[in-house]
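Worksheet for the structure shown next.
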Amino acid sequence: MKRLRGIGVSPGVVSGRAVILIQRAQVLRYQVGEARLAHELERLERSRERSRQQLVDIRQRVALRRPEVASLFDAQLLMLDDPMLVSRATDLIREQRVNAEWAVQQVFREFTSVFDEVADAYLRERKGDVSDLVGRLKMNLQHGVATLRDLLRELDEASVIIADELTPSLAAQVDWTKVRGFATDAGSRTAHTAILARSLEVPAVVGLHNASEIVGPGQLVVIDGTASEVIVDPTAEVLARASHAEDRRPASGGDAERRRPAVTADGVRIRLEANIEFPDDLAAARYAGAEGIGLYRSEFLLTGGSGAALSEDEQFEVYRGMLEGMAPGPVTVRTFDIDEDQLESRLSRHPLAGGWAADEERASRQGLRGLRLSLKRPEPFQVQLRALLRAARHGQLRIMFPFVSSVEQLREARRMVREAAAELARRGEATPPVPIGVVIEIPAAAYTADLLAREVDFFTIGTNDLIQYCLAVDRADERVSRLYEPLHPAILRVIVMVRRAAVRQRIPVSLCGEMASDPALLTLLVGLGLTDFSMTPGAIPVAKQVLGEVRSGDLRALARRILRLPTAEDIERELMAALGRLSLIRE
Ligand code: PEP
Ligand code: MG
């Protein structure tokens, strides 16, 4: 038995088998029982074969245009059969009874430590190839396993999460009916985690420094949030005491609780909608208590098994199903937000079409994408618009355009909507008027929000992109991830500016970036005057709980103070201190 001392941030005692989540490396490590060992080995083998097929296809394509580059892929194909890689991962799965993702990650670490020591520059460069290949193997292991939630569903027993860090967006994906509590290495800096734990009503201990290294996957662990400790391999007596305490935990809220609308402690109504990627996510959104779909990322329609473009009728069926499924709540469909390469690859049954992650990596973030591409390639856009307008009869549809940087683009897009409606009218199909909005995610749109507001029915602030373009920080580039700072004064100012333009023009404005999924940031956004949000479905219950504990008057005063602060660090400190005073978090 071993006791680890930390900071209890959410009271209660629970026990369970440890699942180790290393957020930094984006891998989950869990114990694989005897019965599932063969399954795990097979997953790895299938990932190797998928990777091989993809590399052969890419090599062929590249060889046509740039034969000198094709040899890079030969190197990766050879590595795929190197005994140091997949075979070594197979051994690790067998010996340590761990999941394939973890084994592959572990092998990568062994590999890179060797590479770092060699002086030869050529060999050191090969590290990039290994990294690429390992990334591909991990991506292909995910094939058929959509989210962390699905992975956690595969666990056999009640478990607890031991993580280096647990971000709100990650926590939102966890099935908390299975996971009983959590403990993290990180401490007070991620005070957001504390809010989260209390809202989820799961015992939690943070600030353990190295628990994710000390605790092994599958090890029995007691998390005592009241006594601020984690007990590894507890004695029978300690375990019995933990189980006794666990039995007395109050049951958490049921259906009615989830459907309750979000209201602050002083009665301000906040609208919470869901961001979804697939039509199947609708059930999760409803279950979480979403009042509507605030962002449907429709480009995911193009990632289906066939990779081929969906016809107008097929798209119509998808949109209709979604509108009927969400009724009477609204569904906001964002028209395709992809770039030219992605569109090509999806329309022509690209070998990489099986994985969004691969496309994502190659996405041109400042190029011909979103509405710009739709205007340049009007045919797929017209098909989508016609399908949408036809579906509009079946519920409350709103259409919004991504990546708008000028009023001209918006006018052109509106003209295309009229054209689609005219075409349907010629076919004898009348369509109802549909509210049209834009995602404010490019600084140029934010700075001209007053002009755009005159010509649209609503705004949605897309902070994921807005942050990256305002701060010139690529949101997918790990090397600058510390600069990707939602609390940068520039970001708060730009949000205030967009909201003001919308209020002046009397059009609704919501915010759909990841920021809204973080309960601490959400309270600040309410303080800045926003009342409509769209977020990952799993974040909605937590958001409701947190909002119910704060007074909007206090938040407005807090926001006023914060808007005068010069750095993100000052802002975060002020925010956390204020939430602490409001007893939302216990320091
Ligand atoms: C955004 O940019 O904030 C957004 C919600 O869209 P996406 O993450 O799909 O770019
Ligand atoms: Mg965006």
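Structural remarks
- Filter pass, Y447 being open to solvent by 60 Å² or more (accessible area, probe 1.4 Å) and either touching a Gly at 6+ places or on another chain (Cβ under 6 Å) or not hydrophobic (A, V, I, L, M, F, W, C) (or both): yes
- Helices (runs of 4 or more DSSP H) within region 318-403 that include 3 or more residues at pLDDT below 75, out of contact with any Cys (no Cβ under 8 Å at 6 or more places or on another chain) and closer than 30 Å to R59 by Cα: 340-347, 356-362
- Within region 443-460, being within 28 Å of L483 (Cβ to Cβ) and either more than 10 Å from ligand 2 (Cβ to nearest atom) or over 27 Å from the mean Cα position of the chain (by Cα) (or both) holds for P443, A444, A445, A446, Y447, T448, A449, L452, F459.
- Hits in region 89-116 - residues which are more than 13 Å from V134 (Cα to Cα) and open to solvent by 50 Å² or more (accessible area, probe 1.4 Å): D91, R94, E95, Q96, R97, S113, V114, D116
- Close pairs (6 angstrom Cβ cut-off, 6 or more residues apart or separate chains): farther than 26 Å from V473 by Cα and in contact (Cβ under 8 Å) with a residue 60 or more places away in the chain in region 440-460, of a type outside the set (D, E) and within 16 Å of ligand 1 (Cβ to nearest atom) anywhere: F458/G437
- Restricting region 574-587 to residues that are under 25 Å from the mean Cα position of the chain (by Cα) and under 23 Å from P489 (Cα atoms), the residue that is modelled with the highest pLDDT: L575
- Some residue of region 557-571 being open to solvent by 10 Å² or more (accessible area, probe 1.4 Å), under 25 Å from the mean Cα position of the chain (by Cα) and without any contact (Cβ under 8 Å) to a residue 12 or more places away in the chain: yes
To keep it simple, each residue is scored yes or no on (1) among the basic types (K, R); (2) modelled with pLDDT of 85 or more; (3) open to solvent by less than 80 Å² (accessible area, probe 1.4 Å).
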| site | (1), (2), (3) |
| --- | --- |
| V238 | no, yes, yes |
| A242 | no, no, yes |
| D247 | no, no, no |
| R258 | yes, no, yes |
| D266 | no, yes, yes |
| I270 | no, yes, yes |
| A274 | no, yes, yes |
| Y287 | no, yes, no |
| R297 | yes, yes, yes |
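- All positions within region 117-142 that are assigned to a helix (DSSP H, G or I) and either at pLDDT below 70 or loosely packed, with under 14 Cβ neighbours inside 10 Å (or both): E117, A121, Y122, L123, R124, E125, G128
- The residue of region 493-544 that is farthest from A557 (Cα to Cα), among those that are within 16 Å of ligand 2 (Cβ to nearest atom) and assigned to a helix (DSSP H, G or I), is E514.
- Residue within region 232-255 that is within 30 Å of R398 (Cβ to Cβ) and not in a loop (DSSP other than H, G, I, E, B) present: yes
- In region 452-475, of all residues being part of a loop (DSSP other than H, G, I, E, B) and within 11 Å of ligand 1 (Cβ to nearest atom), the one that is farthest from E441 (Cα to Cα) corresponds to R475.
- Answer residue from region 428-442, given it is buried (at least 17 other Cβ atoms within 10 Å of the Cβ) and more than 30 Å from I491 (Cβ to Cβ) and is farthest from ligand 2 (Cβ to nearest atom) among those: T431
- Check on G513, within 12 Å of ligand 1 (Cβ to nearest atom) and either among the acidic types (D, E) or at pLDDT 95 or above (or both): no
- A count restricted to region 528-539 and to residues that are at pLDDT 95 or above and surrounded by 24 or more Cβ atoms within 10 Å (Cβ to Cβ) stands at 2.
- Pairs, first under 16 Å from Q384 (Cβ atoms) and touching a residue at least 40 places away in the same chain (Cβ under 8 Å) in region 398-427, second open to solvent by 60 Å² or more (accessible area, probe 1.4 Å) and acidic (D, E), C-beta under 8 Å, six or more apart: R398/D457
- Residue that is farther than 30 Å from A211 by Cα and among the aliphatic types (A, V, I, L, M), where the choices are L64, L28: L64
- When V438 is tested against (1) in contact with a strand residue (DSSP E or B) (Cβ under 6 Å, 6 or more places away or on another chain); (2) among the β-branched types (V, I, T); (3) more than 26 Å from V333 (Cβ to Cβ), only condition (3) is not met.
- Of everything in region 462-492 that is modelled with pLDDT of 95 or more and touching a strand residue (DSSP E or B) at 6+ places or on another chain (Cβ under 9 Å), the residue that is nearest to ligand 2 (Cβ to nearest atom) is G462.
- Of everything listed in (1) of a type in the set (A, V, I, L, M, F, W, C); (2) crowded, with 18+ Cβ neighbours inside 10 Å; (3) assigned to a loop (DSSP other than H, G, I, E, B); (4) within 16 Å of ligand 1 (Cβ to nearest atom), the single unmet condition for F278 is (2).
- For region 376-421, the set of residues classified as within 16 Å of ligand 1 (Cβ to nearest atom) and open to solvent by 40 Å² or more (accessible area, probe 1.4 Å) consists of R398 only.
- Residue among V19, V62, V69 that is assigned to a strand (DSSP E or B), open to solvent by less than 40 Å² (accessible area, probe 1.4 Å) and either in contact with an Asp or Glu (Cβ under 8 Å, 6 or more places away or on another chain) or not polar (S, T, N, Q) (or both): V19
The values are calculated or read from the model by the stated rules, or taken from the named source; none is laboratory data. Please read all numbers here as calculations on a predicted model, not as lab measurements. For neighbour counting, all protein chains shown are included, and Cβ atoms are generated from backbone atoms with ideal geometry for every residue, glycine included. In case anyone asks, the SASA skips ligands and DNA or RNA and just uses the protein heavy atoms, side chains included. Shrake-Rupley method; radii C 1.70, N 1.55, O 1.52, S 1.80 Å.
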